[in-house]
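As structure tokens, the structure follows; a few thoughts come after it.
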Amino acid sequence: DRIFGGRLEVSQKCFNSMTRGFPGASVKVVLDKPSPEMLAFYQGKDCEIIEVDFGNLRDAINHSYPLACASSADFVLYAEDDYLYTADAQARIEAASDIPYQLLHPSDYSDRYREKGECQLYLTKLGYWRSITKSTFTFGGKPETFAGFLKEHSKMMTAKAEHRNGFDAWWNKAVLQKNLIISPIPSIAYHLDSAAWRPPLVDWRKLWDES
């Protein structure tokens, strides 16, 4: 269960926190059949709106992923709209630039600490990062890295995979478990879809109220 607001408020708060955590970033928002209230909110923000009429997650992902591949930026965050970000998110990612990762996942999921197997730890001037083998469909990296995984992404789109344990599980097995993927300690984002895996060490209620 979502622990904070309803669907519209979550999207609004998370967007506000993202623009605070990534100041000056160029933002593209893919809106799939948005409500009038949702559309009006993003029209009042400094972002490029890409409105689509799919009504399903598969086509929305299939349409949006190539946008990340084609970006001219040095770093791309490919994100769902229900992640709440810390104000130092961009600084923490920049401090991790010497880590030879392929992709990073911004949330330090508390349930990942129960998993068996080896974990690599990396220390930066702003905190730790650790290797992980699974994530949601929110991750960041260089555009050329995204493009390098486009073949696997296309296979996933044609496979009989559905969310929740379809897309994520397929992507984890085909890509994440074969490459170095990292997540931060403490977390720089909280996936607000459930209170069950709230990242520790951060006052998320305070960040919600400030967003």
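The values are calculated or read from the model by the stated rules, or taken from the named source; none is laboratory data. Keep in mind it's a predicted model, so treat the numbers as computed, not measured. Cβ placement follows ideal geometry from the backbone for every residue including glycine, while neighbour counts extend to all protein chains displayed. Each accessible area value is taken on the protein alone, full model and side chains, heavy atoms only, with ligands, DNA and RNA left out. Shrake-Rupley method; radii C 1.70, N 1.55, O 1.52, S 1.80 Å.
Worth a mention:
- Over the range 55-211, accessible surface divided per residue gives 50 Å², non-protein components excluded, 1.4 Å probe.
- Here the chain has 50 percent of its accessible surface on carbon and sulfur atoms, given a 1.4 Å probe and all protein chains in place.
- At the listed q of 0.25 Å⁻¹, the Debye profile of the range 42-85, built from one uniform point per Cα, gives log10 I(q)/I(0) equal to -1.24.
- Scanning the chain for DSSP H helices at least 15 Å long along the axis (C-alpha atoms) with a Kyte-Doolittle mean no lower than -0.5 picks out 57-69.
- If only the Cβ of Lys and Arg carry +1 and only the Cβ of Asp and Glu carry -1, the dipole of the chain around its Cα centre is close to 640 debye.
- For the residues 156, 38, a 1.4 Å probe over the protein chains yields an accessible-area ranking, largest first, of 38, 156.
- Alpha-carbon Debye profile of the chain, log10 I(q)/I(0) at 0.08, 0.09 Å⁻¹: -0.26, -0.33
- Subset of 125/173; 45/142; 134/155 violating a 29 Å alpha-carbon distance limit: 125/173
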